[in-house]
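The values are calculated or read from the model by the stated rules, or taken from the named source; none is laboratory data. These figures come from a predicted structure and were not determined experimentally. Cβ placement follows ideal geometry from the backbone for every residue including glycine, while neighbour counts extend to all protein chains displayed.
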Amino acid sequence: MLLLRIAEGDEQAFASLFMTWATPLAAIAMRILKNEYARQEVVQEVFIKVWLNRDKLGKVEHLGAWLRKITINQSLLALQRHAASDKRLAELRLTQDELQEQANTLELKETRRLVHEAIESLPAQRRTIYRLNRVEGKTTKEIAQELQLSHGYVRNALSAALAAIRDRLAGSGLLVLLLLVHH
């Protein structure tokens with residue numbers, strides 16, 4: 001058995017374990033960390049841990065589950081290390097799914113807040129045109145008729161509004177596809 005060979009210090013068996021499990025474990029770490037460098041670091045730490053504790057491998061019954069658990073734990077530790085400046089995150093002991101859900105929610109709230117600020121900073125007429133189009137779903141022709149403006153002007157104003165919002169989001173460091181959420 002592979003684990004017993006590793007427990008005895010067989011480096012070829014360990015290399016075989018690494019070749020089999022490095023990619024799936026890296027995928028788990030990446031889903032949690034969303035950072036290539038941190039992912040590599042975690043996978044390296046997992047295999048170092050396996051090698052250093054190889055004398056205990058004979059007790060492992062479900063290799064895949066055991067490796068996944070180590071990877072998740074190491075990933076959560078990495079998140080805590082990297083989030084030391086944010087004490088709230090450092091104190092959280094969340095499962096992988098809960099942590100991902102929270103991160104998505106925070107990112108969405110921050111994006112919505114930045115979009116809202118960007119919209120509010122638009123000149124009044126552009127803001128109105130943007131809202132009629134993106135919130136109420138009206139076409140540029142319908143907006144032009146409603147506001148008694150030329151269709152070309154409305155198209156240009158909407159384009160300028162979207163560019164201003166994009167620029168504001170890019171300035172904040174967010175890489176957002178302009179699938180602006182309705183408020």
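General observations
- The residues of segment 1-21 that are in a helix (DSSP H, G or I) and either aromatic (Phe, Trp, Tyr) or surrounded by fewer than 14 Cβ atoms within 10 Å (Cβ to Cβ) (or both), listed by number, are Leu4, Glu11, Gln12, Phe14, Ala15, Phe18, Met19, Trp21.
- Selection of segment 129-143 for residues being within 9 Å of Val154 (Cβ to Cβ) and exposed (fewer than 12 other Cβ atoms within 10 Å of the Cβ) yields only Lys141.
- Residue match in segment 53-61 (condition: more than 21 Å from Glu107 (Cβ to Cβ) and in contact with a Lys or Arg (Cβ under 8 Å, 6 or more places away or on another chain)): no
- Any hit, segment 133-140, residues being in a helix (DSSP H, G or I) and in contact (Cβ under 8 Å) with a residue 40 or more places away in the chain: yes
- Every residue from segment 144-175 that is within 15 Å of Glu117 (Cα to Cα) and either modelled with pLDDT of 95 or more or surrounded by 13 or more Cβ atoms within 10 Å (Cβ to Cβ) (or both): Ala161, Leu162, Ala164, Ile165, Arg166, Arg168, Leu169, Ser172, Leu174
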